[in-house]
Every structure is written in C-alpha cells, then in structure tokens.
1. What is the fewest-to-most order of LEU48, LEU32 by other Cβ atoms lying within 10 Å of their Cβ?
2. Given +1 on the Cβ of Lys and Arg, -1 on the Cβ of Asp and Glu, and no further charges, what dipole in debye does the range 8-176 carry about its Cα centre, rounded to the nearest 20?
3. Could you list LEU213, LEU279 in order of exposure, starting from the residue whose Cβ has the fewest other Cβ atoms within 10 Å?
4. Which of LYS259/LYS285; LYS118/LYS159; LYS134/LYS166; LYS13/LYS159; LYS13/LYS274; LYS79/LYS285 have a Cα-Cα distance over 28 Å?
5. Between beta-carbons, use under 15 Å as the cut-off and find the net charge around ILE280, counting Lys and Arg +1, Asp and Glu -1.
6. Once the Cα atoms of the range 8-176 are picked out, what are the Rg and Dmax in Å?
7. May I ask you to sort GLU182, GLU252 by Cβ crowding, counting other Cβ atoms within 10 Å and putting the fewest first?
Amino acid sequence: MANYQWYPGHMTKARRMIEEDMRLVDVVIEVLDARIPYASRNPDIDRLSQGKGRVVILNKADLAERSATEAWIRYFGEKSIPAVALDARKSGVSSSLSPAIREASASVREKLRRRGMKERPMRILIAGIPNVGKSTLINSFAGKAIAKTGNKPGVTKGKQWIRISKEAELLDTPGLLWPRFEDPAVGEHLAMIGAMSDDVVDTETLAVTVLGLLAERRGSVLRGRYAIAEAQSDAEASSPADNGPGRIDPDEAFAAIAKARGCLRKGGEADTEKAAAILIDEFRKGVFGPLTIEYPPKEDTAELSGEKAETERQSGQRK
Ligand SMILES: Nc1nc2c(ncn2[C@@H]2O[C@H](COP(=O)(O)OP(=O)(O)O)[C@@H](O)[C@H]2O)c(=O)[nH]1
Ligand SMILES: [Mg+2]
C-alpha cells in the first residue's frame, strides 16, 4: 500500500530520478487510476515527457464505469495521446498495449530514420503517482517476456531493461511521479481511493465524503447493505444539495453501519469511528460496483444519459 507524504525533499528526489530516466526512453506510459484520471495525473507530465511518445493507461478500469472510461479515452484521443483501459492484474496486458505503443512511437522512429540511425527497440518507461498499479503492470509485461536484456554499458548504467517484443523494451523500475497539490479536491479524491497515506486524512471526514458520493450514486445499494433507513425529514438539511431523495444523514448512517456490523464500544454504544473505517474500506474494495469519481471536463453531456449528466453536475467536477 502507498504510504507516503510528499514533503519537498521527497518530491525533489522523485523529480531528479524521473528526469534522469526520461533521458533514456523513447516512450512514456503514464499510468492513471481510471476512477480519478484527473487527480491521479501528474501536473508536470507534459513538460517532463516533451519529445517522447506518449501512452496513457486508465488502470483499475475494473473499478470504474465503462462509459466514463470510454469518455476519458476520447478525451486523451483528442489530445493525440492514445489511451488504453486496463486491469493490470489480468493477462493479455501486452497485446492490449502494443497498438498504442506502436502508435506512440511512430514519430520517434521517424526521427531516428531521418537522422540515419538504425532501427532499434523502443525504450519505454512506465510512470505514475504511487499506488496506481505501475509495479503490477511491469510484472504483467515481464511475466510474458521475462528476458532481461541486461545493462547497456555506457548508455544505461545500472538500469535493467525487459525485452517485451522485437520492437520494445521496458525499464524495469517505474518512474515515480507526484500528484497535484494545489487543488484540495485532488487530495480528497486520492484519499477516497486510498492512494494517500491514511494518517494524513481524518477517517470520519473522509467517510462522510464517501458516504455522500454513495448516497448520490448508489443510494439503494448503500441503504440495503447496511440497513440504513430513508431520511424522515429534511427540515435540518443545510444546503439544497442535501435535500434530494439521496439524502442520508451521516450520524444515522454510521450508527446503522455500526449496528449492521456489530461495532460496539465497551458500554454497548455504537462505535461510529469503526463504522466509518468499514465504509471506506468496502468502498475501496469496490463492493458498490464500478464507480467513477471524475469525469472528463466538458465531455459532450448529450451523449451521456440524463442520470449521468446529473451526476456529473452534482459531483462538482471541473468545468
Ligand atoms: N482492482 C485492481 N487493482 C489493481 C490493478 N492494478 C493494480 N492493482 C492493485 O493496486 C495496488 C497497487 O498496485 P502497485 O502495482 O503496487 O502500484 P504502484 O505503487 O503504482 O507500483 C495493489 O494492491 C494491486 O494489486 C487493477 O487494474 N485493478
Ligand atoms: Mg510500485
């Protein structure tokens, strides 16, 4: 599990290492979490990977909504970055990725040709913020290919390459990137999926956020799972957004979860803190089904169903 905090020294080291690795490669495969492709994206990646072929992987696509992932693929496609949805734990990763890698490396190959250099395998770096599945992806790639090509004296001292096909080899260590810091929604979304150290976020605050998302998007599953009663009155609702049919009072919800799971303190009182932790954990495991937290900016909402368009509006995504 990711357990990191991005204090400045940490980030400086990551930046130095990735800049070093970038010099060695032709193609950068940027791994994102398909549930939060915006929050899991490094803010400096465009600058860092200038002149390189680019591929985006929307990983953990098994935990995201298919239609939203397709919208993200179109979004990156419009920026001329081939994007591929993936479950990095599954087999067949290599064949799902090869067309995108070929597409991304076309201009690099062309450049080599123009300079009169001979054909060689494209060198690839897998990069991303912690916990998006970089190591899993490398293992899936390597599982098939395995043959490490060894050090390349002079050029890539200390670096191991994994030959994945006649045309491509992969740097065996991933490039670690850092997330955005300036946007508080980013921190929240990273915390929701567990891509952030849990000791930098308050469990109950996070659980209220998760509860709000689930109430809005998976209300009946949520109620059914923990036997949470429908809110009787919304007289005490503090904002219009709380007034909808999806409204669930957090205190009542955590009490219900505690009861459903037998979380009691010594005196027999409901342990709502434990209930909050259970909710977060089950959400992260995907027990509420595939759920995308971030949609692409100004995706043509006419294409989405009314419900999804509404969801997009309500969840306050970037315009
Ligand atoms: N559901 C799901 N889990 C994944 C996927 N890829 C990786 N994981 C899990 O995500 C966690 C982090 O993966 P890891 O490869 O260590 O991420 P890294 O920090 O980017 O190297 C591990 O528990 C993986 O099993 C995926 O496509 N789907
Ligand atoms: Mg790793």
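1. Working: LEU48 19, LEU32 25.
By the 10 Å Cβ count, ascending, the order reads LEU48, LEU32.
2. Numbers: 32 positive and 19 negative charges, 143 e Å.
Computed charge dipole of the range 8-176: roughly 680 debye.
3. Details: LEU213 19, LEU279 26.
With the fewest neighbours first, LEU213, LEU279 line up as LEU213, LEU279.
4. Values: LYS259/LYS285 21 Å; LYS118/LYS159 22 Å; LYS134/LYS166 22 Å; LYS13/LYS159 17 Å; LYS13/LYS274 37 Å; LYS79/LYS285 32 Å.
From LYS259/LYS285; LYS118/LYS159; LYS134/LYS166; LYS13/LYS159; LYS13/LYS274; LYS79/LYS285, over 28 Å: LYS13/LYS274; LYS79/LYS285.
5. Numbers: positive: ARG35, ARG218, ARG225, ARG261, LYS274, ARG284, LYS285; negative: GLU188, ASP198, ASP199, ASP202, GLU204, ASP271, GLU273, ASP281, GLU282.
Here the count lands on -2.
6. Expressed in Å, the Cα Rg and Dmax of the range 8-176 come to 15.3, 47.
7. Details: GLU182 7, GLU252 13.
By the 10 Å Cβ count, ascending: GLU182, GLU252.
Quick note: the coordinates plus some simple rules give every number you see, no bench work behind them. Bear in mind the structure is a predicted one, so any value in this text is a computation, not a measurement. As a convention, Cβ positions derive from the backbone with ideal geometry for all residues, glycine included, and neighbour counts pool all protein chains shown.
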